[in-house]
Every structure is written in structure tokens, then in C-alpha cells.
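Readers should treat all values here as calculations from the given coordinates under stated rules, not as data from a laboratory. Nothing here was measured: the structure is a model prediction, and the numbers come from that model. Using ideal geometry, Cβ is built from the backbone for each residue, glycine included, and neighbour counts are taken over all protein chains shown.
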Amino acid sequence: MFGVFRERTDRGGLVRRRPFALVLSCLAVVTVGAFAVVGCASDHSTTTSDHSTTTLESTPTTVEANGPGTTASGKVSSTKPTVGPPATAKAGQQAQVGEWKITVDSVQRKADVDGVKAAAGDEMLVVTFTVQNTSSRPVALTREDFSLLGGSKQTYAPVDTKKGLFSLPPVAANGQASTYLVFMVPAKSTGFKLLFSPFLEGYVGTAQAEISLN
């Protein structure tokens, strides 16, 4: 196993042998080094194994919806409030539609208003009214919020003029304003109703007030 020690002869003819102790020391160093390498490899393998078996556990987080518009299960409800039946009133009486209150103050018949003349056989119906904005924000009214219903169930849109509703700025929060609308209708016709249908945010359906002008 250890082999044969080679002999060498120097120039003087003497035979020299390598010291046996030196050979044993070299073998011992090589053996210790081999065990060290094996031990390091074993430790590294164990460390890798421990690391690979480590498991991170997480706890699921549940977010619940609370507050208005939610159901008992915590889900947000998509149901919106529905407007009620039309409010009815007569000229001089107050009608309320959502965040608005409206009162028709007067009704006049004219041949022309603000430079706009009625066509042959027609006349101008001038409806003056007061509105109150009961909400907490300024809100503007537009021509789409109003129409006129005739006795024969025919509807009329407001006539564009330079004054009246078309020059009215947004009504202040908890404020009121007075203005007028002009409709071109057949002369001497009766049975009219002013229809007030303001937009109500967050509601399903069309809120409306029907105000008799007779």
C-alpha cells in the first residue's frame, strides 16, 4: 500500500533512504485534509436541506365593506332609491321635487318677449316662478328641466331668449332665485301644466312636479 522506498546512490557510493517519519507526516496531513473536506461537504448539504424545508405561512386578510349602502353580508348594495309619484300643485302653491321647491308666481300672455315674436295664430305664455335649492351645493337649472303640457297632451319646449332662465346662474346652496320661462302656444288655448323635472343625483327614475297654470 505504501509502496517501496526508492534508494538513491550519491557520488560517494553511499545509499540514502528517505526518512520514514517524513513520509508518515505527509500521509497524516493528507488524511486530515480529506476528513475536513468531507465534513464541510456534509455540513453544507445539511444547511441546504434545512433551508429548502423552511415554510412561510401567511394569514389571509379579509376586507369588509361597512357603512351605508351595504348588506348584512358586508357586500356593497347597488340598489338606488327610487323617486316617488309626481308632486302636484296649482299656481301660487309650492311643490317639492327632491332637493328643489318651486312656486309659480304668475302667468302672462304676450305677443312678443325679449324681442322674440309669436308666429301667426300663436302667442307667448310667460311663466314666472321661484325656486329654492335645499341642498348643500350650488345647482344650475337648464331648459331640459322644464316643459309645458297642453290640454290636448301636446308638450312644448321653452323658447330660447336672452333673459329669464337662460341667464340664471347656478342657485346657491340653501338659496332661492326667481326667473321666468317663455313658451309659444296656440292663441287662447288653456289647460296648461308646467312640468318641472330636475335631475336628482343617485336616484332611479324621473322626479317631476306638475303645476296647473289655470
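For the residue pairs Lys101/Lys193; Lys90/Lys188; Lys90/Lys162; Lys101/Lys162; Lys110/Lys188; Lys110/Lys162, alpha carbon separations beyond 22 Å are given by Lys90/Lys162; Lys101/Lys162.
Computed over neighbours whose Cβ is under 14 Å from that of Leu165, the net charge equals -2, Lys and Arg +1, Asp and Glu -1. Model label points for Ala111 and Gln154, set 7 angstrom from Cα along the Cα-to-Cβ axis, are 2.2 nm apart.
With θ taken as phi - 60° and the Karplus curve 6.51 cos²θ - 1.76 cosθ + 1.60 applied, the whole-hertz 3J(HN,Hα) list for region 139-145 is 9, 9, 9, 10, 5, 5, 7 Hz, x standing for glycine and proline.
Computed with the Debye formula from one identical point scatterer per Cα of region 98-143, without solvent, the log10 of I(q)/I(0) at q = 0.17, 0.32, 0.33 Å⁻¹ comes to -0.66, -1.15, -1.17.
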